[in-house]
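Some notes on the structure that comes next.
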Amino acid sequence: MSILDLFKRRTSAPVARERLQVLLAYERRSRGQPDLVSILREEIMAVIAKHVQIDQDYIQVSMDRGETMSTLEIDIQIPNKSAVPLAMAG
Amino acid sequence: MGKVVVVTSGKGGVGKTTSTAALGAAVAKTGKKVALVDFDVGLRNLDLIMGAERRVVFDLVNVIQGQAKLSQALIRDKRVDTLFLLPASQTRDKDALTEDGVGEVIDKLRSVFDYVFCDSPAGIERGAQLAMRFADEAVIVTNPEVSSVRDSDRIIGLLDARTMRAEQGEQIAKHVLVTRYDAARAARGEMLSIDDVLEILSVPLLGIIPESQDVLRASNLGSPVTLSEPLNNAARAYLEAARRLEGEDLPVVVPFERKGFLDRLLGRRAA
C-alpha cells in the first residue's frame, strides 16, 4: 500500500452493484416458486415421523434448479438407537 | 382509446407521487387530456402535491361504490384545463377497492382521456397490484440506491406476472425513471451509476431527474414542478421524460459534475 492510497477514497458504488447482482440473480430464480423447498421439507418430515423418530435438525432438503433438469436432494440422518420403528419401541 | 400508465416503485419515498404529478402535467400541457388517479387509499397525497386538497368532494372509492358519478369526482386543474385528478379516499382502506370496480373506472377514463396515470401506493400488496392491474405501460421510479433497485426488480416481476396484459400474453411497456440523482456523488463513485441501474434492471430509461430543492419547493406550493418552474433542471428532465413517454426518440443526457480540483489532485476515480 503506497502512501497515496491513504488519500484515495475507496468507492462504494461497485460494491453496491455487485451485491445487488448476486442477490437479484437468486431472487429472480426463486420467484413464483413460493418456498417449495420448505413445503416439501415439512410434508416429507410428517410422513417419516409417522414411522421413525427423527430430529428436525437431521433433515436437509435442497433443490438445485438447472436449465433442463432440477434435482431435489433429501438427506435424512437417523441415529441408530432411535431407528427402531415407533410401534415396536412402544 | 387512451393509454393507462402506472407509476410504481415498490419502495416508498422515492418520488412516485411527485413524478406522477410532474409527468401528468407535462403531458397535459401539450394539449392531451390527462387524468391522474391516486390509488393510495387511506394515505392520499396526490391532491396535496397538485394543490387540490381543498377541492376534494368525492373520491375513487365513492365512484366504485356508486355514491358518486365519475364526472362528479374528477377535479379539473386550475392551471391546465386538460388535466384532471381523481383523488383517493382518505377515510377508507385499500380493501374498499375491488378489481371489478377499478376495472370499470379505468375503462371509462380510458374512453375519455388520452392518458390515465395511476399513482401506485408503496409496497406490493393489494393497492399496488390494483394500480398496475389494467396498465398498458409502467414507469418504475427508482433511486440509485440498493434497496430501491431491489424493490424495483420485485415490482418488475409483478408487472410481468400480475397485470391483465401479462395474463393475456401481451407485453406491458416498462420504463425506468431514475429520481434524486446526484451527479457529484455518482462521479465520486458513492452512488450507483445510471449504467449500473439499467444493467441490473434491464429496462429502458425514461429519464434522469436530478436531486433538486426545486422539487421540494414545488411540493410545498402545491404545484407540479413542470408547471411552477418549467425552466429548472428537474422540471426540464421531467418534460423530456414526458416527451419520451409519448414516443419521441430523445436521447438521455446523464447529468455530470465537473471534478473539483481536490478530486483531481487526490486521484479519486469515477465509478
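Here r is the Cβ-Cβ distance between B:Asp100 and B:Ser202 and R0 is 41 Å; the resulting FRET efficiency, rounded to 0.05, is 0.75. Contact with the other protein chains removes 50 Å² or more of accessible area, compared with the isolated chain and a 1.4 Å probe, from these residues of region B:192-210: B:Ile200. Considering only GluC sites (Glu not before Pro) in DSSP loops that have at most 12 other Cβ atoms within 10 Å, the longest stretch of chain B without any of them is B:1-124. Our summary gives chain B a relative contact order of 25 percent, counting only alpha carbon pairs under 8 angstrom and 6 or more residues apart. Kirkwood radius and radius of gyration were both taken over the C-alpha atoms of region B:157-221, and their ratio Rg/Rh is 1.12. Couplings 3J(HN,Hα) of region A:13-21, computed from phi: 4, x, 5, 4, 4, 5, 4, 5, 4 Hz, in residue order, whole Hz [Karplus 6.51 cos²θ - 1.76 cosθ + 1.60, θ = phi - 60°; x for Gly and Pro].
Rounded to the nearest 100, the interface formed by chains B and A buries 1700 square angstrom of accessible surface, both chains summed, with a 1.4 Å probe. Dipole orientation for region B:180-222: of the candidates B:Ala183, B:Ile194, B:Leu216, B:Leu216 has the Cα lying most toward the positive pole (charges on Cβ; Lys, Arg +1; Asp, Glu -1). From its DSSP helices (H runs of at least four residues, each -39,500 (n - 2.57)), chain B gives a residue-normalised ellipticity at 222 nm of -11500 deg cm²/dmol. Look at the alpha carbon pairs under 8 Å that are at least 6 residues apart: their mean separation over the length of region B:94-247 gives a relative contact order of 17 percent. If Lys and Arg each add +1 and Asp and Glu each add -1, what is the summed charge of the other residues whose beta carbon sits under 13 Å from the beta carbon of B:Val252? It works out to a net charge of -1. In the context of the full set of protein chains, residues of the protein assembly as shown present 54 Å² of accessible surface per residue (probe radius 1.4 Å, heavy atoms only).
The fraction of Cα-Cα pairs per 10 angstrom bin, counted from 0 for chain B, comes to 7, 31, 36, 18, 5, 2, 0 percent, rounded to whole percents. In plain terms, the bigger the Kirkwood radius, the slower the diffusion; for region B:13-84, with that radius from Cα pairs, at 25 °C and 0.890 mPa s, Stokes-Einstein puts D at 193 µm²/s.
Carbon and sulfur together cover what percent of the accessible area of the protein assembly as shown at a 1.4 Å probe radius? Of all accessible area on the protein assembly as shown, carbon and sulfur atoms account for 51 percent. Given R₀ = 22 Å, FRET efficiency for B:Lys78-B:Ala183 by Cβ-Cβ distance, to 0.05? Given R0 = 22 Å and the Cβ-Cβ separation, E is 0.05.
At each listed q (0.07, 0.09, 0.15 Å⁻¹), what is the log10 of I(q)/I(0) that the Debye formula gives for the protein assembly as shown modelled as equal alpha-carbon point scatterers? One equal scatterer on each Cα of the protein assembly as shown leads to -0.41, -0.61, -1.22. So in the protein assembly as shown, what percent of DSSP beta bridges are antiparallel if you round to the nearest 5? Just about 25 percent of them are antiparallel.
Partner aspartates and glutamates whose Cα lies under 17 Å from the Cα of A:Lys50, excluding those fewer than 8 positions away in the same chain, are identified as A:Glu42. For a Förster distance of 41 Å, can you work out the FRET efficiency between the beta-carbons of B:Lys108 and B:Val254, rounded to the nearest 0.05? After rounding, the FRET efficiency stands at 0.55.
The values are calculated or read from the model by the stated rules, or taken from the named source; none is laboratory data. Given the structure is predicted, the values throughout are model-derived calculations rather than measurements. All Cβ positions, even for glycine, are placed from backbone atoms using ideal geometry, and neighbour counts span all protein chains on display. Note: areas computed on protein heavy atoms with side chains; ligands, DNA, RNA excluded. Shrake-Rupley method; radii C 1.70, N 1.55, O 1.52, S 1.80 Å.
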